[in-house]
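First comes the structure, then the notes that go with it.
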Amino acid sequence: MTVNEKELAERVIEISGVNTRKCMKCGKCSGTCPSYDEMEYHPHQFVSMVEKGQIKKLMESKSLWTCLSCFACIERCPRSVEPAKLIEAVRLCVIRQQGANHMKACSVPDSIDENMPQQAIVSAFRKYSK
Amino acid sequence: MTYSYYPGCTLKTKAKDLDRYARLSAEALGVTLEEIEDWQCCGAVYPMALDEIATKLSAVRALDSAKRSGRDLLTLCSACHHVIKRVNNDMLTNDDIRLKANNYLKLDSVYAGETKVVHYLEMLRDTVGFDKIRAAVKNPLKGRRIAAYYGCLLLRPAGVMQFDNPENPTILEDFIKAIGAEPVITPYRNECCGGYTVLEDKKIAERRSGMVIGSAAAKGADTVITACPLCLYNLEANAHGEGAPVVKYFTELLAEALGVK
């Protein structure tokens with residue numbers, strides 16, 4: 001783990017409030033994740049990889065953008081580890097960097113149609129850009 | 001009973017039906033909804049990070065407005081309800097967030113989670129009562145087979161939302177019975193519709209919502225009801241083909257049953 005990665009891991013723990021050491025590796029979070037098939041790293045891997053300080057791999061993963069924030073892993077974790085909070089924290093580590101927004105305003109008109117509710121656009125901006 | 005009412009941005013634009021039928025039905029049931037002044041968009045997703053303060057402030061402003069009126073704050077959109085209820089819990093239980101939000105807002109008095117946040121469905125169940133609704137129904141929706149779609153935001157995390165049993169909820173089915181229709185239980189009623197990922201990759205929402213609609217159709221539901229504009233959008237976009245149910249806001253069916261549509 002490089003110095004920079006150690007700092008990143010500490011930041012992820014600090015802003016998520018998650019204690020990865022509570023995890024008993026039952027896999028229920030990934031078992032219940034509706035976006036499992038869309039992810040390269042799954043919720044249980046976020047927990048173990050943050051524990052090991054492998055934040056850069058997670059920051060480069062498309063898993064960050066396919067988590068639905070449906071709170072299924074948070075609700076069903078028997079140890080209240082709450083993996084979605086780690087995914088959110090890693091996502092923020094990416095988009096809080098200058099020029100690193102995942103969704104840019106200029107791309108929005110091509111992704112929407114006349115029925116799409118404002119709620120969808122606001123949510124996506126909150127999750128994908130700063 | 002009078003509530004401070006928070007409609008939210010989508011109910012003023014793409015989800016006008018959700019709002020309009022809620023107001024008409026509330027009036028018919030003797031409940032007054034007083035829209036709070038100068039409300040702002042809640043942000044649509046709850047900011048989970050502990051160091052996110054600015055993104056929680058619009059919810060605190062709405063909560064403080066209801067507190068100053070001495071009323072409970074009534075919400076309708078699932079996303080607004082989720083955000084405002086969870087931010088309220090932060091203001092009640094998290095010293096750091098409470099201190100920083102109050103330092104920023106400089107309200108007349110410190111806001112510390114005093115307001116009670118009530119979803120429209122909770123108001124129907126707990127204040128009006130489903131028995132009273134059943135008695136007020138003028139056009140019972142007899143013969144209609146309706147599947148309730150809860151989605152994620154009303155139910156989870158149950159410890160904070162305290163809305164219903166997160167794995168086996170009943171409030172919408174009780175509502176469906178009260179308006180004279182038959183509830184259809186489907187296995188995906190509390191699974192995600194795909195939400196905002198529709199802007200990232202439409203196929204995710206297609207797969208998720210396709211499962212919800214497919215299972216409702218297979219169980220013979222003619223209608224699926226929801227309280228969430230984004231769920232309605234995703235479900236409707238994937239409800240095609242023969243036997244696909246129509247997707248409606250629950251408030252539209254309530255207004256229809258009460259004879260105020």
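Using beta carbons and a limit of 9 Å, which pairs, at least six apart or on different chains, have the first residue in the stretch B:72-88 and away from every other protein chain (no Cβ under 12 Å) and the second one surrounded by fewer than 24 Cβ atoms within 10 Å (Cβ to Cβ) and modelled with pLDDT under 95? Within 9 Å, the pairs are B:72/B:1. When the residues of the stretch A:8-22 are filtered to those that are within 14 Å of another protein chain (Cβ to nearest Cβ) and assigned to a helix (DSSP H, G or I), the one that is nearest to residue A:55 (Cα to Cα) is A:12. Scanning the stretch A:106-122 for residues that are within 21 Å of the chain's Cα centre (by Cα) and either in contact (Cβ under 8 Å) with a residue 12 or more places away in the chain or more than 7 Å from chain B (Cβ to nearest Cβ) (or both) yields a total of 1. Assessment of the stretch B:181-203 against the conditions (within 30 Å of residue B:136 (Cα to Cα), in the same structural domain as residue B:151 (by TED's automatic domain parsing) and in a helix (DSSP H, G or I)) yields no matching residue. For the stretch A:6-29, the count of residues that are surrounded by fewer than 22 Cβ atoms within 10 Å (Cβ to Cβ), touching an Asp or Glu at 6+ places or on another chain (Cβ under 6 Å) and under 29 Å from residue B:158 (Cβ atoms) is nonzero. Among residues that are modelled with pLDDT under 95 and not assigned by TED's automatic domain parsing to the domain that holds residue B:22, residue B:173 is not included. Only residues that are among the hydrophobic types (A, V, I, L, M, F, W, C), crowded, with 20+ Cβ neighbours inside 10 Å and part of a loop (DSSP other than H, G, I, E, B) were counted in the stretch B:50-82, giving 2.
Residues in the stretch A:51-82 that are within 14 Å of chain B (Cβ to nearest Cβ) and either over 14 Å from residue A:29 (Cα atoms) or polar (S, T, N, Q) (or both): A:61, A:62, A:63, A:64, A:65, A:66, A:69, A:80. Among the residues of the stretch A:110-130, those identified as in a helix (DSSP H, G or I) and modelled with pLDDT of 95 or more are A:118, A:119, A:120, A:121, A:122, A:123, A:124, A:125, A:126, A:127, A:128.
In the stretch B:212-243, the residue that is surrounded by the most Cβ atoms within 10 Å (Cβ to Cβ) out of those that are assigned to a helix (DSSP H, G or I) and more than 14 Å from chain A (Cβ to nearest Cβ) is B:216.
To keep it simple, each residue is scored yes or no on (1) within 14 Å of chain A (Cβ to nearest Cβ); (2) touching a strand residue (DSSP E or B) at 6+ places or on another chain (Cβ under 8 Å); (3) among the basic types (Lys, Arg).
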site: B:19; (1), (2), (3): yes, no, no
site: B:29; (1), (2), (3): no, no, no
site: B:48; (1), (2), (3): yes, no, no
site: B:66; (1), (2), (3): no, yes, no
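Quick one: in the stretch B:86-136, of everything that is in a helix (DSSP H, G or I) and hydroxyl-bearing (Ser, Thr, Tyr), which residue is farthest from residue B:50 (Cα to Cα)? That would be B:127. When the stretch B:141-153 is filtered for residues that are surrounded by 14 or more Cβ atoms within 10 Å (Cβ to Cβ) and either more than 11 Å from every other protein chain (Cβ to nearest Cβ) or assigned to a strand (DSSP E or B) (or both), the ones remaining, listed by number, are B:141, B:144, B:145, B:146, B:147, B:148, B:149, B:150.
Which members of the stretch B:89-105 meet the condition of being among the charged types (D, E, K, R) and either closer than 17 Å to residue B:155 by Cα or within 14 Å of chain A (Cβ to nearest Cβ) (or both)? Residues satisfying the conditions are B:90, B:95, B:96, B:100. Just the residues that are part of a strand (DSSP E or B) and surrounded by 14 or more Cβ atoms within 10 Å (Cβ to Cβ), please, taken from the stretch B:1-34. If the condition is that a residue be part of a strand (DSSP E or B) and surrounded by 14 or more Cβ atoms within 10 Å (Cβ to Cβ), then B:3, B:4, B:5, B:6, B:33 are the ones that fit.
The values are calculated or read from the model by the stated rules, or taken from the named source; none is laboratory data. Everything numeric in this text was worked out from a predicted model, so none of it was measured. Backbone-built Cβ (ideal geometry, glycine too); neighbour counts: all protein chains shown.
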